[in-house]
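One structure is given below, encoded as structure tokens.
The values are calculated or read from the model by the stated rules, or taken from the named source; none is laboratory data. No experiment lies behind these values; they were computed from the predicted model shown. As a convention, Cβ positions derive from the backbone with ideal geometry for all residues, glycine included, and neighbour counts pool all protein chains shown. For accessibility, only protein heavy atoms count, side chains too; no ligands or nucleic acids. Shrake-Rupley method; radii C 1.70, N 1.55, O 1.52, S 1.80 Å.
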Amino acid sequence: MAKVIVVTSGKGGVGKTTSTAALGAALAQRGEKTVVIDFDVGLRNLDLVMGAERRVVYDLVNVIQGDAKLPQALIRDKRVETLFLLPASQTRDKDALTEEGIATVMETLKKHFDWILCDSPAGIERGATLAMRHADTAVIVTNPEVSSVRDSDRIIGLLDSKTLKAENGERMDKHLLLTRYDATRAARGDMLKVDDVLEILSIPLLGIIPESSEVLRASNLGTPVTLADKASAPAIAYQQAARRLAGETLPVAIPGERRSLLEKMFGRRAA
Amino acid sequence: MNLLSLFNRKISAPAARERLQILLAHERVHLGGQSDLVTKLREEILAVVARHVNIDPEKVNVTMERGDNVSTLEVDIEIPLDAKKKAA
């Protein structure tokens, strides 16, 4: 049975789509069948970040409205054969998604995939609540910045009340993915530190993705960052986050944190 | 910006942290996903109490505070001195 993950944030532009593509590709590379679904009807972009924009024929709305069968709308990735994309519609309005329609699609996908990653649109409207509706686990993408942290807190409230899990009295599994983190600025005191964000939001940490030019470079090329330069700092951070999602216990390193010679010699800082 | 102001510049992250803590403590109570639950609880608690004492619906305050491990529900009902008589 598939594990359903929603990648959400409330605020736009924090890296939901980038993270969905990167985590999806990393999970698929483990040989597990993975589908990434774009829920942003009218403003789809996951196809572009995945480099599949010219291969979209049918989309999620076509499937829900019965104009296409689910396998016709699924796009198989050209680099990783266990990775699939279900694009959103670019032309219809967001009301085209119905709760029953999504439920049917999710039930079918659960039978055929190991991982279902739902890329939520920004905001707290219908698209966002539908994207989280069927999730077992939520990845909350947050920048170390006040408006992003505030919106993440709001989304955590919705995850605990508007999802099927919450309505059944179960506990939604929530994880923080801190993106665009700059350890130097945090050390200088001009950016919220990892511990600040963790303390404010009080959810466990899935990973820290450093601010990096590699992220823009990968999206320019239409390649998930985990498939672009696999040795780059953000690629490593996403790969480790994917392994944690899959249940592995790995210590979270703060990427790019400078350590003095003494610290290097004697291991992690003492204080 | 002159050189002096560069040295005097205070770090900003503690301010961000403090502002968020104050704001979110407030928003979790008033807008959080649990606001539906709080509204429902308020109505039902009010109905039960009103069966036995006369109360002013305006003087009932129900709040929920979300914590790491436990959430607390606070019910604050003002009962006037002459409220003993049973409501009809």
Can you give the net charge of the other residues whose Cβ lies under 13 Å from the Cβ of A:Gln240, counting K and R as +1 and D and E as -1? +3
Just to verify a number: FRET efficiency for A:Gln72 and B:Val53, C-beta to C-beta distance, R0 = 56 Å, to 0.05? 0.30
Could you tell me the distance between the Cα centroids of region A:203-237 and region A:70-109, to the nearest Å? 24
Rounded to the nearest whole Å², what accessible area per residue is found for the protein assembly as shown with the 1.4 Å probe? 53
Average partner coverage of A:223-236, which counts Cβ from other chains inside 10 Å: 0
Under-30-angstrom lysine pairs by C-alpha in region A:49-197, whenever the two are 8 or more apart or on separate chains: 24
For A:Glu170, project a label point 7 Å along Cα to C-beta. Then give me every residue of region A:14-30 with its amide nitrogen under 15 Å of that point. none
How many nm is it between the label spots at B:Asn61 and A:Arg243, if each spot is 7 Å from the Cα in line with the beta carbon? 5.1
Spelling it out for A:Arg180: with amide H atoms placed in the peptide plane at 1.01 Å from N, the residues 5 or more places away or on another chain with amide H under 5 Å from its amide H are A:Ile209, A:Glu211
Packing-based ranking, highest mean first, of A:13-21, A:110-118 given that Cβ atoms within 10 Å are counted: A:13-21, A:110-118
Scalar couplings 3J(HN,Hα) for region A:197-207 by Karplus 6.51 cos²θ - 1.76 cosθ + 1.60 (θ = phi - 60°), nearest whole Hz, x for Gly and Pro, are 5, 5, 5, 5, 8, 6, 10, x, 8, 8, x
Heavy-atom accessible area with a 1.4 angstrom probe orders A:Ile102, B:Ile79, most exposed first, as B:Ile79, A:Ile102
Can you tell me the FRET efficiency between B:Ser12 and A:Asn220 if r is taken as the Cβ-Cβ distance and R0 is 45 Å, rounded to the nearest 0.05? 0.90
Tell me which residues come under 5 Å, amide H to amide H, from B:Ile77 once H is placed; ignore anything under 5 positions away on its chain. B:Asn61
Arrange the residues A:Leu43, A:Leu250, B:Leu20 by how much accessible surface each exposes, largest first, with a 1.4 angstrom probe. A:Leu43, A:Leu250, B:Leu20
Under 15 Å Cα-Cα from B:Lys10, which aspartates and glutamates qualify once same-chain neighbours fewer than 8 residues away are excluded? A:Asp190, B:Glu18
Step through the residues of region A:213-224 one at a time and calculate ³J(HN,Hα) from phi using the Karplus curve (6.51 cos²θ - 1.76 cosθ + 1.60, θ = phi - 60°), rounding each to whole Hz and writing x for Gly and Pro. 5, 5, 5, 5, 4, 5, 6, 4, 8, x, 10, x
Answer in debye to the nearest 20: the dipole magnitude of region A:119-271 about its Cα centre, from +1 Lys/Arg and -1 Asp/Glu charges placed on Cβ, is 340
Whole-Hz Karplus couplings 3J(HN,Hα) for region A:44-56, θ = phi - 60° and coefficients 6.51, -1.76, 1.60, Gly and Pro as x, run 5, 8, 4, 4, 6, 5, 8, x, 10, 4, 8, 10, 7
In nanometres, what is the gap between the two model label sites at B:Thr39 and A:Met1, each 7 Å from Cα along Cα-to-Cβ? 3.3
